[in-house]
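**Student:** Please see the structure below; I have some questions.
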Amino acid sequence: MPVIIEILSSGRPFPLQITNLTVDELDPSVVTFDDGATKHIFIAYRKTSKVSPDGLTGGVNVWVAHTTLDAGGLPVLPFTYSVVSNTNDDPNDLRLIRMHSGTYLNRVVLTWTGSDPAETNPDATSWARIAYADPPYAAWTIRTIQKNEGSLQPCNTARVSFPLFRVAGGGAGQIIYVWETLANTAGCTTLSAVTTNAKISTDGGSTWGVTTQVFPPPGN
């Protein structure tokens, strides 16, 4: 068995431990930026806690670790930890972006897909949510982007998703949320389509326009 050993001229950087305890690193997301005065790093991750008796809170939740960066680009410890959402919605596809221009300059936006724990119809639980925070990032506002929307209602399931930002449409710019939808037949028993859909917010994520099917084109 041949063995190759690589000798480095300098030591490898020691990995920093960001979180501990009941942390699920299935879907972390990271955003870094310089706001002109301070360099920031945000890390979104999933963390598990005890489920409430009614099943609505606890379970797998959305958390964010935040700190500044030093001149060398390394995090200034310790991190500040914030629970963004304690809703028991089994969050996935945690995605962070920063609004780099416009009315909400330096707003940090976090989106995810999940299942509404309060929904009694098992075919209509799927939703997508957004949380956003403005400097000094002490509080997060949560909104629902879409629930069970797509090419056929009910029984649409949201999967892979991404938030995008562009400087267009006025001073606030546009947040574009794109997600994949699994649609079923009217009886919610057989997969009938996989489509890509989008929604646009022109007020920093507070409200959202109608769902547009991007691919395949409607009717195809």
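The values are calculated or read from the model by the stated rules, or taken from the named source; none is laboratory data. Computed from a predicted structure; not experimentally measured. Positions of Cβ are backbone-derived with ideal geometry, glycine not excepted, and every protein chain shown enters the neighbour counts. Quick note on the areas: whole protein, heavy atoms, side chains included, nothing else; ligands and nucleic acids left out. Shrake-Rupley method; radii C 1.70, N 1.55, O 1.52, S 1.80 Å.
Okay, residues lined up against (1) within 13 Å of the chain's Cα centre (by Cα); (2) not small (Gly, Ala, Ser):
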| site | (1), (2) |
| --- | --- |
| Tyr132 | yes, yes |
| Asn148 | no, yes |
| Arg159 | yes, yes |
| Gly170 | no, no |
| Ser192 | no, no |
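**Student:** Return only the number of the condition from (1) in a strand (DSSP E or B); (2) under 25 Å from Leu105 (Cβ atoms); (3) of a type in the set (Gly, Ala, Ser) that Ala183 does not satisfy.
**Tutor:** Of (1) in a strand (DSSP E or B); (2) under 25 Å from Leu105 (Cβ atoms); (3) of a type in the set (Gly, Ala, Ser), only one is false for Ala183: (2).
**Student:** Condition check: closer than 22 Å to Leu182 by Cβ, open to solvent by 20 Å² or more (accessible area, probe 1.4 Å), in contact with a strand residue (DSSP E or B) (Cβ under 8 Å, 6 or more places away or on another chain) and not aliphatic (A, V, I, L, M). Does Asp89 satisfy that?
**Tutor:** On the way: closer than 22 Å to Leu182 by Cβ: yes; open to solvent by 20 Å² or more (accessible area, probe 1.4 Å): no; in contact with a strand residue (DSSP E or B) (Cβ under 8 Å, 6 or more places away or on another chain): yes; not aliphatic (A, V, I, L, M): yes.
Against the criterion (closer than 22 Å to Leu182 by Cβ, open to solvent by 20 Å² or more (accessible area, probe 1.4 Å), in contact with a strand residue (DSSP E or B) (Cβ under 8 Å, 6 or more places away or on another chain) and not aliphatic (A, V, I, L, M)), Asp89 does not qualify.
**Student:** Select from the range 77-104 the residues that are without any contact (Cβ under 8 Å) to a residue 60 or more places away in the chain and aliphatic (A, V, I, L, M) and write down the one among them that is farthest from Gly169 (Cα to Cα).
**Tutor:** The qualifying residue farthest from Gly169 (Cα to Cα) is Val83.
**Student:** All but one of (1) part of a strand (DSSP E or B); (2) open to solvent by 30 Å² or more (accessible area, probe 1.4 Å) hold for Thr103; which doesn't?
**Tutor:** Tallying (1) part of a strand (DSSP E or B); (2) open to solvent by 30 Å² or more (accessible area, probe 1.4 Å), Thr103 fails exactly one: (1).
**Student:** Quick check on this structure: which one of Ala168, Ala139 is small (Gly, Ala, Ser) and either in a strand (DSSP E or B) or closer than 26 Å to Asn88 by Cβ (or both)?
**Tutor:** Unique residue meeting the criteria: Ala139.
**Student:** What number of residues in the range 112-136 are among the hydroxyl-bearing types (Ser, Thr, Tyr) and over 15 Å from Pro91 (Cβ atoms)?
**Tutor:** 2
**Student:** Also: Step by step: first the residues of the range 171-200, then only those that are among the small types (Gly, Ala, Ser) and free of Cβ contacts under 8 Å to residues at least 60 places away in the same chain, then the one that is most open to solvent (accessible area, probe 1.4 Å). Which residue is that?
**Tutor:** Ala186
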